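Here the structure comes first, spelled out in C-alpha cells, and everything after it is commentary.
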There are 2 protein chains.
Amino acid sequence: MHELLWSKREKQIARAAFEKALEREAAALVALVRVKALEITELDDIWRLEELLREKRRELERRYDYRYSVLLYVFADLILAGWLNPDELAGLADDKRARIEALVELTRERM
Amino acid sequence: MHELLWSKREKQIARAAFEKALEREAAALVALVRVKALEITELDDIWRLEELLREKRRELERRYDYRYSVLLYVFADLILAGWLNPDELAGLADDKRARIEALVELTRERM
C-alpha cells in the first residue's frame, strides 16, 4: 500500500482518528489498572499486574504505528478491537475506506 | 561463610526472621502500589508504574536469597533496609550475630 497518496485533509482526518482511538484505549487501560490495583493484597498480585502492564505496553506499541504505509491495516485493527468507529474515517478517499472495510471483513471471517 | 553450621533451632529462627522481613516488605509494597495506582491518570503513569514494579521485583529477587552460604549477608542487608530488627535474630549463635552486626556496621560506614 506504499503507493497510496494522502491529501493534507486526509492526513488530518487520519491523525485525529488515530489519536482518538489511542485516547480511548488509554482511558480504558487507566480504569483497568486502577481497578486491578485495588484488588492487590499480596506479592503475586503485584507480579501479575506487572505482567499485565508489560503485555499492554507491547500491545499498544505494536498497534499504534502511524506510518502511512501500514495505516489502513492499523485502522482495520482499531475497528476490530473496538477503539475506532468506521464513521470516524469519513473524509478519507473511498478507495481507502473500502480497503479498510475489506481488511476488517477478511479478519472477521478468520476469527 | 560456607563453613558455618546451623543447628535445627537456628534454622527455624533464621527462616522465621527471613519470612517476617519478606512479609513486611511485601505489605509495604502492596500499600505503595495501591497508592501509586490511584495517582494514575494517563499512559505515562502506567508505564512508570510498570518500571517501578519491574525494579521492585528485581530488588526482591536479589534480596531474598535463602541459602545458608549467604544468609548472614542477607540478614545484614535486611537490617540495613529496615525490614528486620537485630533482636529478631535472638537464638542464633553469638558468632553469627556478631558477623551480621559487623557487616551492618561495615556497610553503614561506607554509606
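Values quoted throughout were computed directly from the atomic coordinates according to the rules given, and no laboratory measurement underlies them. The shown structure was predicted, so the numbers you read here are calculated from the model rather than taken from an experiment. Cβ placement follows ideal geometry from the backbone for every residue including glycine, while neighbour counts extend to all protein chains displayed.
A compact table of results
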| item | result |
| --- | --- |
| Test set (1) under 27 Å from A:LEU84 (Cβ atoms); (2) touching a Leu at 6+ places or on another chain (Cβ under 6 Å) - A:GLU50 fails condition number | (1) |
| Filter pass, B:ARG58 being without any contact (Cβ under 8 Å) to a residue 60 or more places away in the chain, under 17 Å from A:ASP44 (Cα atoms), of a type outside the set (Asp, Glu) and part of a helix (DSSP H, G or I) | yes |
| Single residue of A:ALA26, A:ALA17 found to be surrounded by 12 or more Cβ atoms within 10 Å (Cβ to Cβ), more than 9 Å from every other protein chain (Cβ to nearest Cβ) and in contact with a Leu (Cβ under 7 Å, 6 or more places away or on another chain) | A:ALA17 |
| Single condition A:ALA28 does not satisfy, out of (1) among the aliphatic types (A, V, I, L, M); (2) touching a residue at least 24 places away in the same chain (Cβ under 8 Å); (3) part of a helix (DSSP H, G or I) | (2) |
| Extreme residue, nearest to the other protein chains (Cβ to nearest Cβ), among residues of region A:61-73 that are surrounded by 15 or more Cβ atoms within 10 Å (Cβ to Cβ) and assigned to a helix (DSSP H, G or I) | A:ARG63 |
| Condition check for B:ILE79: out of contact with any Asp or Glu (no Cβ under 9 Å at 6 or more places or on another chain), surrounded by 13 or more Cβ atoms within 10 Å (Cβ to Cβ) and not acidic (Asp, Glu) | no |
| In region A:34-55, residue farthest from the chain's Cα centre (by Cα) [restricted to those that are within 7 Å of chain B (Cβ to nearest Cβ) and in contact (Cβ under 8 Å) with a residue 12 or more places away in the chain] | A:ALA37 |
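Residue-by-condition table, conditions (1) part of a helix (DSSP H, G or I); (2) touching a helix residue (DSSP H, G or I) at 6+ places or on another chain (Cβ under 9 Å); (3) within 16 Å of B:GLU23 (Cα to Cα):
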residue	(1), (2), (3)
B:ARG54	yes, yes, no
B:ALA76	yes, yes, no
B:GLU88	yes, yes, yes
B:ASP95	yes, no, no
B:ALA102	yes, yes, no
B:GLU109	yes, no, no
